[in-house]
Amino acid sequence: MPAFNAHQIEEINELIAQIEKVVKPKSEIGAHDKALLKALLKGQTPKKEATFFKCKCEFSETIVTHFVKEKDLTKSRYHKNSQAYIFVV
């Protein structure tokens, strides 16, 4: 895990707090480009709706890993590293 300074840790914690408001026990989390993910989810049955959170690319992997390890969420199969958006499905 990369070393972050105090300001970056504060930003990450703020994002985690926002995401925790939306997360449910069976949710999937990942990072992906917003437009591409919406197109991918259109083909899903049943229809899935993603909630997006803007973040810095270098923070996305750390935040997703936190939710997978600490909150026992499933990492989405659409997850990509270093993306500008984190999504919860």
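Sequence-ordered 3J(HN,Hα) estimates for the stretch 42-57 from the Karplus curve with 6.51, -1.76 and 1.60 and θ = phi - 60° stand at 4, x, 6, 10, x, 4, 10, 10, 9, 9, 9, 10, 6, 8, 7, 3 Hz, glycine and proline given as x. Taking the charge dipole of the stretch 6-88 about its Cα centre, with +1 at Lys and Arg Cβ atoms and -1 at Asp and Glu Cβ atoms, the residue from Gln18, Ala35, Phe87 reaching farthest to the positive side is Ala35. For Gly30, nonlocal amide neighbours, meaning residues 5 or more places apart or on other chains whose placed amide H falls under 5 Å from its own, are Ser76, Phe87. Legend: residue pairs Lys38/Lys75; Lys26/Lys54; Lys47/Lys69; Lys24/Lys48; Lys24/Lys71; Lys26/Lys71, Cα-Cα distance threshold 19 Å; pairs beyond threshold, Lys26/Lys54; Lys47/Lys69. Per-residue ellipticity at 222 nm, computed for the chain from helices alone with -39500 (n - 2.57) per DSSP H run of at least four residues, works out to -13500 deg cm²/dmol.
Residues of the stretch 74-89 falling in the label zone of Glu58, defined by backbone nitrogen less than 14 Å from a point 7 Å along Cα to beta-carbon, are 82-83. Backbone geometry of the stretch 4-15 corresponds, through the Karplus equation with coefficients 6.51, -1.76 and 1.60 at θ = phi - 60°, to 3J(HN,Hα) couplings of 10, 7, 4, 5, 5, 4, 4, 4, 4, 5, 5, 5 Hz, x marking Gly and Pro. Taking Cα centre as origin and charging only the Cβ of basic (Lys, Arg, +1) and acidic (Asp, Glu, -1) residues, the dipole magnitude of the stretch 6-88 rounds to 560 debye. Put in order of Cβ neighbour count within 10 Å, fewest first, the listed residues Val64, Val23 become Val23, Val64. Just to be sure I understand: with springs between alpha-carbon atoms less than 10 Å apart, which residue in Thr45, Thr62, Thr74 has the highest mean-square fluctuation in the Gaussian network model of the chain? Maximum among the listed residues: Thr45.
By its C-alpha gyration tensor, with a ≥ b ≥ c as the square roots of the eigenvalues, how is the chain shaped: rounded for a/c under 1.5, else prolate for a/b larger than b/c, else oblate? In terms of gyration-tensor shape, prolate.
Every number here is computed from the coordinates shown, using simple stated rules; none is lab data. None of the values given here were measured: they were computed from a predicted structure. A quick note on method: Cβ atoms are made from the backbone with ideal geometry, for glycine too, and the neighbour counts reach across all protein chains shown.
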